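*Asks:* Have a look at this one before I ask anything.
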Amino acid sequence: MALLALLGGLALNLTPCVLPMIPVNLAIIGAGARSGSPRRGFLLGGAYGLGMALAYGALGLLVVLTGAKFGTLNASPWFNLIIALVFVVLALAMFDVLQIDFSRFQGHGAPGSQRRGSFGLAFSMGIVAALLAGACVAPVLLSVLLLAGQLYSQGQPAGLLLPFLLGLGMALPWPLAGAGLALLPKPGGWMTKVKYVFGALILALAAYYGYEAYRLFRPGGNTPAEEFARQLDAAQAAGRPGFIDFWATWCKNCTAMDATTFKDPAVRQKLAGFTVIKYQAERPNDPPAKEILDHYGVVGLPTYVILTPPATAGAAGR
């Protein structure tokens, strides 16, 4: 299980939420390149990866030990707004509007405080990258969190390490990337153009998260409990199995499933025999969503629950 968690974390670097972070990753870890030191690049990459691993480790402890819902941060308009502001600052630094040049943290004969600053920056951005990636890696994370919770409930506290190992697997490439980047040629005029391209990409990310914050600040959210109860009653009255789709607009995998899997003719044919119930849990820690999610054992989105008709199983169940 530990090996699978490591390999799964390594594969998470290829997901759509991680790939757009590459410009930010290069900007942070690549700071060591101008010093011409593979060792320094390796250590910067290690600090970045450590931030990722600790973020997922802490997330695992929070979800398993407190019963919190994975994805709550993504549902928070304040979190999205803060991320948007961070990206705006990074983009302005890339365009030299703000004097936050990453090269100042390289320590060319600079005091040790500047060196510490560069590692702190890499570590912090590793945490940010892990949190942002959570929206796309939810299926893998949820599987690991459920397994960790199951092992912990069975008296095996070592299961709590699985989310950390997942983050560790995700972090593995970055020390090597940092060392490799340190071997790049010394910056010239071409680096200014590359920096501006990175700045434009980071600014686009800022706009995206700013829009997400604006959208989440608007009223609306969870499906009312009464409406959900009516849908359950209709499914039971029809005598057909129910298929509950727990989703939210901020859940990227939810929208991806709607756009691809649930439009597949074979899937539509299979679901034709079910009463499909969609429950929107826009704010999973607020009532009535929290109580409903807890009842069905949902720890994050998307989650799909199948209800068997009482006539078939004697009682409704998962």
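The values are calculated or read from the model by the stated rules, or taken from the named source; none is laboratory data. Keep in mind that this is a model prediction, so the values were computed, not measured. Cβ sites come from the backbone with ideal geometry, for glycine too, and all protein chains shown count toward neighbours.
*Asks:* Tally up the residues in segment 15-49 that are out of contact with any Phe, Trp or Tyr (no Cβ under 6 Å at 6 or more places or on another chain) and either modelled with pLDDT of 75 or more or not assigned by TED's automatic domain parsing to the domain that holds residue 203 (or both), please.
*Replies:* 8
*Asks:* Only one of these conditions is not met by residue 283: (1) in contact with a strand residue (DSSP E or B) (Cβ under 9 Å, 6 or more places away or on another chain); (2) modelled with pLDDT under 90. Which number is it?
*Replies:* Result: residue 283 fails condition (1) only.
*Asks:* Could you check how many residues of segment 70-116 are hydrophobic (A, V, I, L, M, F, W, C), farther than 24 Å from residue 193 by Cα and modelled with pLDDT under 70?
*Replies:* Adding up the residues that qualify gives 3.
*Asks:* Take the residues of segment 238-266 that are part of a loop (DSSP other than H, G, I, E, B) and not β-branched (Val, Ile, Thr): which is farthest from residue 216 (Cα to Cα)?
*Replies:* Going residue by residue through segment 238-266, those that are part of a loop (DSSP other than H, G, I, E, B) are 239-241, 248-251, 260, 264.
In the following step, the residues that additionally are not β-branched (Val, Ile, Thr) were identified as 239-241, 248, 250-251, 264.
Working: 239: 37, 240: 35, 241: 33, 248: 11, 250: 9, 251: 12, 264: 30 Å.
The residue in question is 239.
*Asks:* Tell me which residues, restricted to segment 206-232, are over 18 Å from residue 87 (Cα atoms), without any contact (Cβ under 8 Å) to a residue 12 or more places away in the chain and either assigned to a loop (DSSP other than H, G, I, E, B) or not charged (D, E, K, R) (or both).
*Replies:* 218, 219, 229
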